[in-house]
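The values are calculated or read from the model by the stated rules, or taken from the named source; none is laboratory data. Computed from a predicted structure; not experimentally measured. Please note: Cβ atoms are built from the backbone with ideal geometry, for glycine as well, and neighbour counts cover all protein chains shown. Just so you know, the surface numbers come from the protein's heavy atoms only, side chains and all, with ligands and any DNA or RNA stripped out. Shrake-Rupley method; radii C 1.70, N 1.55, O 1.52, S 1.80 Å.
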Amino acid sequence: DEATTDLVHRLRAGEIAAVRAQHPGSEIFLGGENPAIIDLADTVGDRMLTVVIAVVGVALVLLVIAFRSILVPVKAAVMNLLSIGASFGVVTAVFQWGWGVGLFGVDQAIPIMSFIPLFMFALVFGLSMDYEVFLLSRIKEEYDRTGDPHGSVVTGIAVTARLISCAALIMIFVFASFAAQPDPTVKMMALGLAVAVAYRRPDRRGTG
């Protein structure tokens, strides 16, 4: 509840600060599970943008160096961010809004743990880039061999799409299997990761 967050912030900024001022050198803590969760959420929120920029930026630099292209790395990053956004949306709709939450063994809508989006972003972006590099490397090898842009794309996709799709299906089923666990946090991560991988299957858009 937002009122709980407001209360914690108000106590620290007001009442606790006043008591500390009256007793210099004293250490006063607001303990308990709720303040700990709120602190974690604040920390993740403050650093989320930094992590996203760092991960995407490093991935773009590495892809530019590997493939000597600007458009391909930018396309890969954008599509990866879209797949991650789709997974965030599904997790929010199911667990926070309660759309079909009963199918996952949860009685009512629950808030999403603050660290889950950050964890999902790092993992899904890494997996997506891994398959992106695998596919584009095969296309580049074919282009270096033949010099035919169109033919190299067709051959690269034909050779790798089935393998990548099979690997993606394995991950989807593995991630989805964890949704049966009783811990709601595990259920959230399982659903989000499965949706992200399903959205990024290479046969959905031809590349990546």
Check your understanding: Between residues in segment 76-101 that are under 19 Å from Val61 (Cα atoms) and residues that are open to solvent by 40 Å² or more (accessible area, probe 1.4 Å) and not small (Gly, Ala, Ser), which pairs lie under 6 Å by C-beta distance while being six or more apart or on different chains?
Key -> Ala77/Leu60
Practice item. Tell me which residues, restricted to segment 86-135, are part of a helix (DSSP H, G or I) and among the charged types (D, E, K, R). Key: Asp130, Glu132
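Every residue, every condition in (1) open to solvent by 70 Å² or more (accessible area, probe 1.4 Å); (2) over 21 Å from Asp144 (Cα atoms); (3) charged (D, E, K, R); (4) under 15 Å from the mean Cα position of the chain (by Cα), yes or no:
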position: Asp46; (1), (2), (3), (4): yes, yes, yes, no
position: Val51; (1), (2), (3), (4): no, yes, no, yes
position: Leu60; (1), (2), (3), (4): no, yes, no, no
position: Val64; (1), (2), (3), (4): no, no, no, no
position: Arg68; (1), (2), (3), (4): yes, no, yes, no
position: Gly89; (1), (2), (3), (4): no, yes, no, yes
position: Thr92; (1), (2), (3), (4): no, yes, no, yes
Practice item. With the checklist (1) surrounded by fewer than 15 Cβ atoms within 10 Å (Cβ to Cβ); (2) modelled with pLDDT of 90 or more; (3) within 18 Å of Phe175 (Cα to Cα) in hand, flag the one item Trp97 doesn't pass. Key: (3)
Exercise for review: Could you tell me whether Ser114 is in contact with a Lys or Arg (Cβ under 8 Å, 6 or more places away or on another chain) and open to solvent by less than 40 Å² (accessible area, probe 1.4 Å)?
Suggested key: no
**Study point:** Residue check, Met120 at pLDDT 85 or above, surrounded by 18 or more Cβ atoms within 10 Å (Cβ to Cβ) and among the aliphatic types (A, V, I, L, M)
**Key:** yes
**Study point:** Extreme residue, nearest to the chain's Cα centre (by Cα), among residues of segment 1-29 that are assigned to a loop (DSSP other than H, G, I, E, B) and farther than 27 Å from Gln96 by Cα
**Key:** Phe29
Revision key, fill the gap. Taking segment 20-41 and keeping only residues that are open to solvent by 60 Å² or more (accessible area, probe 1.4 Å), without any contact (Cβ under 8 Å) to a residue 40 or more places away in the chain and not small (Gly, Ala, Ser), one is left with Arg20, Gln22, His23, Pro24, Glu27, Phe29, Glu33, Asn34
Practice item. Determine whether Pro149 is within 30 Å of Asp46 (Cβ to Cβ) and open to solvent by 30 Å² or more (accessible area, probe 1.4 Å). Key: no
